[in-house]
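The values are calculated or read from the model by the stated rules, or taken from the named source; none is laboratory data. Keep in mind the model is a prediction, meaning the values are calculated, not measured. Because the Cβ atoms are built from the backbone with ideal geometry, glycine has one as well, and the counts that use them run over all protein chains shown. Only protein heavy atoms, including side chains, enter the accessible area calculation; ligands, DNA and RNA are left aside. Shrake-Rupley method; radii C 1.70, N 1.55, O 1.52, S 1.80 Å.
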Amino acid sequence: CKQISEMHLIKIEKKTVHREEEFRDVQEKCQEEVQRLFKEALEKITELLLNTYKFFESHPNEIQKEWKVYVEKVDKRVEEALKKAVKTSLQELCRALNGDNKTEPAPLFKIQAVLEEIKVDFKPSVYQMDFKPPMHQLKDTLQVVCRDMTKTLLVVPRLWEHFTREKSERDRILKQQLEEAGDLAAANAIVLPAETTKKKKSFFEEISKDDDCCIRYVKDVLRGFNNCAAKLGEKLKFWTGSYQKIVSQDKDKFICRYQKTQRSLTIVGQDIKGYMEVQREIQEEDPKIVIDFIETDFTPLKIALMDHCVQWQKKLTDLLNENARTEMDKLLAEFQKNTEILFSPIDDMDSLKDRVKLLEQCRKDDEDMENRITPIEAKYAKLAEFEVIPPDEELARKAQMRPAMEKFKDTLVEAEIRINKEKKNMKAGLEQDLQSFAQGLKDVKAEFGKQAPYKSEGHTCDSAFGVLHNFKAQLDAKRKAEEDFLPKLELFGIEAAHYKELEWVDQEMEKLNTLWEIRDGWEQEKGKLVVAKFKELNTDELDEMAMAFQGRIRKMIGKDKTVQNWPAFISQKQDLETFRNMIPLIQNLRQESMRERHFNLIIKEINHPFDPRSDAFNLQQVVDLQLVQHADLIARLADDAKKEAKIEDGLADIQKVWSTMTIDVREYKAGTYTLRSTEELYQALEENILALSSFKSSQFYLPFAAKVEHWEKTLANISEICEAIQNVQRAWMYLENVFRGSEDIRPHLPDESIMFDEVND
């Protein structure tokens with residue numbers, strides 16, 4: 001037991017720093033050795049117990065119970081020894097991680113600070129600073145070591161259970177040997193004990209959950225680790241905060257944006273130096289740091305970060321070199337290209353203009369040429385400052401820049417002499433072309449005066465537009481030719497002439513086009529109207545439409561009064577006036593009071609039948625029948641019709657009154673009725689008789705004479721009948737009251753009573 005209690009279940013080697021995997025291997029070997037020693041100690045204890053038991057095996061049960069108590073005591077001593085071994089081992093690990101009151105913890109683990117590249121599909125890599133192995137992995141290792149250390153206890157079973165199993169196994173073997181030897185009596189004397197069902201907790205279960213010797217110290221181990229990990233995390237946080245920016249950006253995308261900003265050479269140089277300074281700062285950082293029980297090697301992280309600094313410097317110097325090379329190649333290419341163009345053949349005015357323009361531009365650029373070459377040379381000087389050496393071919397082209405510039409200046413002098421000679425020859429040809437152009441404009445003006453559609457005779461809208469379109473094409477061609485002359489005139493310093501003929505034809509075309517657009521629009525609208533149903537025409541809309549076209553005509557006069565003398569203008573104006581004069585005629589024909597007798601008088605006058613209320617009648621028939629010539633007759637008839645309509649409406653009102661008139665009667669006595677009130681009836685009679693009298697006094701009475709006389713007789717009859725009814729009603733009511741209402745009178749007038757009854761019944 002003493003040997004067990006002094007065992008080291010965790011191997012801590014002083015002044016030895018392990019990598020994580022090395023520490024794990026050391027502990028695995030240590031645990032294997034511990035398990036071997038545990039097994040040896042168990043075998044010795046078991047053998048000792050078995051040999052001792054031989055003296056008590058045949059003793060009574062009281063002795064057997066004492067023997068079991070003895071074995072349990074030994075088991076307890078083994079348990080105490082195991083607890084001490086576990087506790088001592090964990091205490092030693094705690095001192096290694098946390099130190100004690102006298103000493104600080106010494107390095108036990110060796111890790112590295114690294115820059116990890118995290119690759120994502122279809123995206124740029126992401127870089128992250130971390131430890132290798134990571135802190136969580138190192139923590140897992142410590143937890144596994146503590147766990148596996150306690151698992152070594154699994155090889156040590158409870159002594160009584162183990163002793164019983166071993167004794168039973170040896171007795172079984174002995175009994176089998178005796179049976180095989182034929183000594184059955186001796187074999188039967190050996191009784192194999194039954195297995196006990198109740199088992200104690202194993203040493204592993206007891207000790208691994210014991211707070212005093214195990215759990216408490218495991219917590220101390222993890223607490224010490226967490227404190228150390230937090231300190232290392234702060235250190236890593238410093239590195240991340242200081243240098244993460246050099247690895248977090250996508251270099252290619254940054255360079256693309258950087259190039260678009262076109263930063264100055266000074267700023268580019270400062271940026272390159274900035275990365276060089278960062279590289280020096282990283283180089284000066286401590287390569288190794290010991291925090292508590294962990295020794296951290298920052299060398300891999302430093303190397304990776306410095307490599308990124310070098311990459312940034314190379315990206316920027318490559319960009320600087322590319323910009324310098326591009327500007328240089330562009331300048332040399334300009335020298336060569338412009339030389340070729342300036343000495344190429346001059347075939348026409350456009351090529352001459354291009355040469356003059358190019359020569360002027362080259363002269364202007366030559367004044368600023370030094371300012372173009374100097375920045376290029378400055379870029380190459382900056383590259384040399386950062387020890388960047390371009391290829392030999394590129395350096396050779398750089399050396400050619402200034403000689404090429406001097407040669408190009410001589411080229412410009414020779415080109416100017418050649419171009420001036422060509423300008424003189426082409427100027428004479430241009431002056432001749434201008435004379436021909438001016439004569440052509442006069443011819444166009446004369447032809448326009450002859451063919452333009454100033455008259456409507458002989459022209460439809462389409463033919464007029466065709467003539468105007470033809471002249472517009474000629475005018476556009478002349479305008480184009482005039483525009484083509486402008487750059488040539490500017491080239492030779494000749495002032496552009498003002499061509500009045502061109503302006504006159506343009507203005508006349510615009511006015512004629514407006515006039516014929518009005519005429520075309522009017523004919524289209526009139527074409528729709530003449531075929532529309534006459535009875536559905538809206539004269540207000542017709543008048544508004546005609547007024548709108550007249551307004552456009554008046555607007556033309558307001559702009560230029562000469563248009564009112566054009567025959568086509570006069571014709572259009574008269575056509576609109578004629579149409580507007582026709583509108584009253586249309587209104588009279590469509591008047592609601594017009595009757596068949598009125599239309600018969602018109603038909604008799606024009607000697608041609610027509611029905612203005614039929615669906616087939618339209619405005620074209622009004623024109624064809626020449627009803628405009630009979631407008632006075634139609635107007636008079638329409639006026640008569642209005643006045644006759646008053647009589648007709650009055651007769652209709654009378655008929656309506658008497659067709660709905662009711663006589664108010666009441667039941668006087670059972671089976672007997674009397675008129676109640678006749679005031680409304682007599683009022684209607686009085687009003688209607690007066691109306692009929694006024695109708696008869698009108699000169700438009702004759703068409704309604706029969707109806708008027710009919711109603712005069714009818715109303716007279718109604719008046720007489722009503723008066724007779726009232727007279728009879730009054731007499732009857734008086735007599736009825738006498739002969740029927742009072743029995744006292746009848747005996748005195750017997751004959752009259754009999755007569756009244758006969759009449760009344």
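For region 397-404, indicate whether the set of residues that are out of contact with any helix residue (DSSP H, G or I) (no Cβ under 9 Å at 6 or more places or on another chain), more than 30 Å from Asp350 (Cα to Cα) and at pLDDT 80 or above is non-empty.
Initially, region 397-404 is screened for residues out of contact with any helix residue (DSSP H, G or I) (no Cβ under 9 Å at 6 or more places or on another chain), giving 399, 403.
Checking the rest, the ones that are also more than 30 Å from Asp350 (Cα to Cα) come to 399, 403.
Applying the additional criterion that residues be at pLDDT 80 or above yields 399, 403.
Looking for residues that are out of contact with any helix residue (DSSP H, G or I) (no Cβ under 9 Å at 6 or more places or on another chain), more than 30 Å from Asp350 (Cα to Cα) and at pLDDT 80 or above, one finds at least one in region 397-404, hence yes.
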Report summary line: Checked pairs for region 544-557, first without any contact (Cβ under 8 Å) to a residue 24 or more places away in the chain, second part of a helix (DSSP H, G or I) and not aliphatic (A, V, I, L, M), C-beta under 9 Å and 6 or more apart or across chains, list as Met545/Trp522; Met545/Glu525; Lys555/Thr514; Ile557/Gln564; Ile557/Phe569
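Within region 211-264, track down each residue that is among the aromatic types (Phe, Trp, Tyr) and open to solvent by 70 Å² or more (accessible area, probe 1.4 Å). Explain how you work it out, then say what you get.
Here is the first cut: in region 211-264, the ones among the aromatic types (Phe, Trp, Tyr) are 217, 225, 238-239, 243, 254, 258.
Result: Phe238, single match.
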Query raised in the report: With (1) at pLDDT 80 or above; (2) surrounded by fewer than 17 Cβ atoms within 10 Å (Cβ to Cβ) as the list, and Arg479 as the residue in question, which single condition is left unmet?
Result: (1)
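Kindly check whether there is at least one residue in region 372-383 that is touching a Ser or Thr at 6+ places or on another chain (Cβ under 9 Å), over 22 Å from Ile255 (Cβ atoms) and surrounded by fewer than 13 Cβ atoms within 10 Å (Cβ to Cβ). Before the answer, list the steps.
Initial filter on region 372-383 (touching a Ser or Thr at 6+ places or on another chain (Cβ under 9 Å)): 382-383.
Add one more test, that the residue is over 22 Å from Ile255 (Cβ atoms), and what stays is none.
Within region 372-383, none of the residues are touching a Ser or Thr at 6+ places or on another chain (Cβ under 9 Å), over 22 Å from Ile255 (Cβ atoms) and surrounded by fewer than 13 Cβ atoms within 10 Å (Cβ to Cβ).
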Report summary line: Selection from region 308-329 of residues more than 44 Å from the chain's Cα centre (by Cα) and open to solvent by 30 Å² or more (accessible area, probe 1.4 Å) yields Asp329
**Report entry** Number of the exception - Asp121 against (1) among the charged types (D, E, K, R); (2) open to solvent by less than 80 Å² (accessible area, probe 1.4 Å); (3) at pLDDT below 75
**Finding:** (2)
Query raised in the report: Scanning for something surrounded by 14 or more Cβ atoms within 10 Å (Cβ to Cβ), within 30 Å of Leu601 (Cβ to Cβ), touching a residue at least 12 places away in the same chain (Cβ under 8 Å) and not basic (Lys, Arg), does region 680-693 turn up at least one residue?
Result: yes
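For region 98-117, name all the residues that are among the small types (Gly, Ala, Ser) and open to solvent by 50 Å² or more (accessible area, probe 1.4 Å). It would help to see each step written out before you state the result.
Residues of region 98-117 among the small types (Gly, Ala, Ser): 99, 106, 113.
Residue satisfying the conditions is Ala106 alone.
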Report summary line: Contact list, first residue from region 254-266 and closer than 14 Å to Lys315 by Cβ and part of a helix (DSSP H, G or I), second anywhere and open to solvent by less than 80 Å² (accessible area, probe 1.4 Å) and of a type in the set (S, T, N, Q), beta-carbon distance below 8 Å, six or more apart or interchain, is Gln259/Asn323
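Among the residues of region 148-184 satisfying the criterion of being part of a helix (DSSP H, G or I), among the basic types (Lys, Arg) and in contact (Cβ under 8 Å) with a residue 12 or more places away in the chain, which is farthest from Asp220 (Cα to Cα)? First the steps, then the outcome.
First pass over region 148-184, keeping only residues part of a helix (DSSP H, G or I): 148-155, 159-181, 184.
Okay, now just the ones that are also among the basic types (Lys, Arg), so 151, 165, 167, 170, 172, 175.
When the remaining residues are screened for being in contact (Cβ under 8 Å) with a residue 12 or more places away in the chain, the result is 151, 167, 170, 172, 175.
On the way: Lys151: 19, Lys167: 43, Arg170: 46, Arg172: 49, Lys175: 54 Å.
Only one residue fits best here, namely Lys175.
Does Arg418 count as over 54 Å from the mean Cα position of the chain (by Cα), over 25 Å from Leu512 (Cα atoms) and surrounded by 13 or more Cβ atoms within 10 Å (Cβ to Cβ)? Please lay out each step first, then the result.
Working: over 54 Å from the mean Cα position of the chain (by Cα): yes; over 25 Å from Leu512 (Cα atoms): yes; surrounded by 13 or more Cβ atoms within 10 Å (Cβ to Cβ): yes.
Spelling it out, Arg418 is indeed over 54 Å from the mean Cα position of the chain (by Cα), over 25 Å from Leu512 (Cα atoms) and surrounded by 13 or more Cβ atoms within 10 Å (Cβ to Cβ).
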Report task. Would you mind stating whether Lys11 is in contact (Cβ under 8 Å) with a residue 12 or more places away in the chain, on the phi > 0 side of the Ramachandran plot and part of a loop (DSSP other than H, G, I, E, B)? Result -> no
Requested in this report: Among the residues of region 50-76, write down those that are surrounded by 10 or more Cβ atoms within 10 Å (Cβ to Cβ) and not in a helix (DSSP H, G or I).
Outcome: Phe55, Phe56, Glu57, His59
Report task. Within region 346-401, track down each residue that is closer than 25 Å to Met276 by Cβ and in a loop (DSSP other than H, G, I, E, B). Result -> Phe386, Glu387, Val388, Ile389, Pro390, Pro391
Query raised in the report: Regarding Ser456, is this residue closer than 30 Å to Lys573 by Cα and either modelled with pLDDT under 75 or small (Gly, Ala, Ser) (or both)?
Result: yes
